[in-house]
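See below for the structure under consideration.
Quick note: the coordinates plus some simple rules give every number you see, no bench work behind them. The model shown is predicted, which means the values in this text are computed figures rather than measured ones. Reconstructed Cβ throughout: ideal geometry from the backbone, glycine too, with neighbour counts over all protein chains shown.
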Amino acid sequence: MAQLPNEKKIVGQISRLRDLSHAFLTEAMSAKGIDGLVPSHGEILLALHLNDALNMQEIARQVGRSKPTVTILIDKLVSLKYVKKQRSTTDGRIFEVSLTANGGKLIASLSEISERMHQKIDAILSIAEKKQLSKLLGKLTRDW
């Protein structure tokens, strides 16, 4: 049976890895009682935890998503009372987003899930391999 050479399977491999990591994160979040959220929500919550408050453009840049996608994700987090969105005091055109107390309560669980995922990666790849993979994926993403 004929198959594509490995160098022609890169996009398929990246897609499969995304599916596996998404399933891992979704299952881990559900096991912690964090339902109704997807991993992208967790990325946003962790970014806000590390930065206090960010505007929508800064969040989009940090999590690698488009501003319209981030707006939809933030609106869901606002509806669940995990974040609050308010106009900037210096520029009324800009909304700043920050964690609420409810959102802050999720951080320990999300950090633990993130650490478990990284431990899984650490068990598979060496530090040198992770650096090389990160560099190559960054190049593909940046230059696409």
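Tell me the residue from 71, 89 that is free of Cβ contacts under 8 Å to residues at least 24 places away in the same chain and surrounded by 15 or more Cβ atoms within 10 Å (Cβ to Cβ), please. Walk me through it before giving the result.
Values: 89 fails: surrounded by 15 or more Cβ atoms within 10 Å (Cβ to Cβ).
That would be 71, the only listed residue that is free of Cβ contacts under 8 Å to residues at least 24 places away in the same chain and surrounded by 15 or more Cβ atoms within 10 Å (Cβ to Cβ).
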Step by step: first the residues of segment 34-55, then only those that are among the polar types (S, T, N, Q) and part of a helix (DSSP H, G or I), then the one that is farthest from residue 24 (Cα to Cα). Which residue is that?
51
Do we find a residue being surrounded by 12 or more Cβ atoms within 10 Å (Cβ to Cβ), within 19 Å of the chain's Cα centre (by Cα), closer than 24 Å to residue 117 by Cα and among the charged types (D, E, K, R) anywhere in segment 7-29?
no
Look at segment 118-141 and say how many of its residues are of a type in the set (A, V, I, L, M, F, W, C), over 24 Å from residue 66 (Cα atoms) and touching a residue at least 12 places away in the same chain (Cβ under 8 Å).
0
For segment 56-66, state whether one or more residues are surrounded by 17 or more Cβ atoms within 10 Å (Cβ to Cβ), outside any helix (DSSP H, G or I), touching a residue at least 40 places away in the same chain (Cβ under 8 Å) and out of contact with any Asp or Glu (no Cβ under 7 Å at 6 or more places or on another chain).
no
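A quick yes/no check of all residues on (1) exposed (fewer than 15 other Cβ atoms within 10 Å of the Cβ); (2) under 15 Å from the mean Cα position of the chain (by Cα):
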{"position": "83", "(1), (2)": "no, no"}
{"position": "114", "(1), (2)": "no, yes"}
{"position": "125", "(1), (2)": "yes, no"}
{"position": "129", "(1), (2)": "yes, no"}
